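Asker: Before we start, here is the structure in question, set down as structure tokens.
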Amino acid sequence: MFDLTPIRQTRVWQEAYEEGFKKGLKKGKKLYLAKLVHYWLAKGMKPKKIANLLDCSVSKVRRLAKEPTKDQLRGLHSMGVNRCRPGESGQDKRKRRKNQLLAIAPAPL
């Protein structure tokens, strides 16, 4: 096996590692803030109060509220909501979803 210790001690490696670490922290903070905003809005808190708690602007709170959280994206992907079958157009997908919903719906009285 290769020994990476000498490579990791170079200045280029350390600078790249530090830059990647900073980008990861910034992305993680944004995801965490979005999750907090979604949680507090679901609990009925007003955007102005959330902005005061997070020490940011109301427009930033609204922007974060529009962004899906990582958990929401993972849920949509695993359900296959945004996937078309091979050779299927978007219109065909909508028809298929409508038929699936009609099959589940109770029969009228």
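The values are calculated or read from the model by the stated rules, or taken from the named source; none is laboratory data. Owing to the predicted nature of the structure, the values given are computational and were not obtained by experimental measurement. Cβ placement follows ideal geometry from the backbone for every residue including glycine, while neighbour counts extend to all protein chains displayed.
Asker: Just give me the residues in segment 39-52 being surrounded by 12 or more Cβ atoms within 10 Å (Cβ to Cβ) and part of a helix (DSSP H, G or I), in sequence order. Don't jump to the end; show me each part of the working.
Answerer: The first filter runs over segment 39-52 and keeps only residues surrounded by 12 or more Cβ atoms within 10 Å (Cβ to Cβ), leaving 39-41, 45-47, 49-52.
Scanning segment 39-52 gives Tyr39, Trp40, Leu41, Pro47, Lys49, Ile50, Ala51, Asn52.
Asker: Taking segment 55-76, which residues are at pLDDT 90 or above and either touching an Asp or Glu at 6+ places or on another chain (Cβ under 8 Å) or aliphatic (A, V, I, L, M) (or both)?
Answerer: Within segment 55-76, Val58, Val61 meet the criteria.
Asker: Let me ask something else. Filter segment 1-38 down to the residues that are surrounded by 12 or more Cβ atoms within 10 Å (Cβ to Cβ) and of a type in the set (Phe, Trp, Tyr), then identify the one that is modelled with the lowest pLDDT. So that I can check it myself, show each step before the final result.
Answerer: We begin by selecting, within segment 1-38, every residue surrounded by 12 or more Cβ atoms within 10 Å (Cβ to Cβ); these are 13, 30-38.
Narrowing further to those that are of a type in the set (Phe, Trp, Tyr): 13, 32.
On the way: Trp13: 82, Tyr32: 85.
So the residue we want is Trp13.
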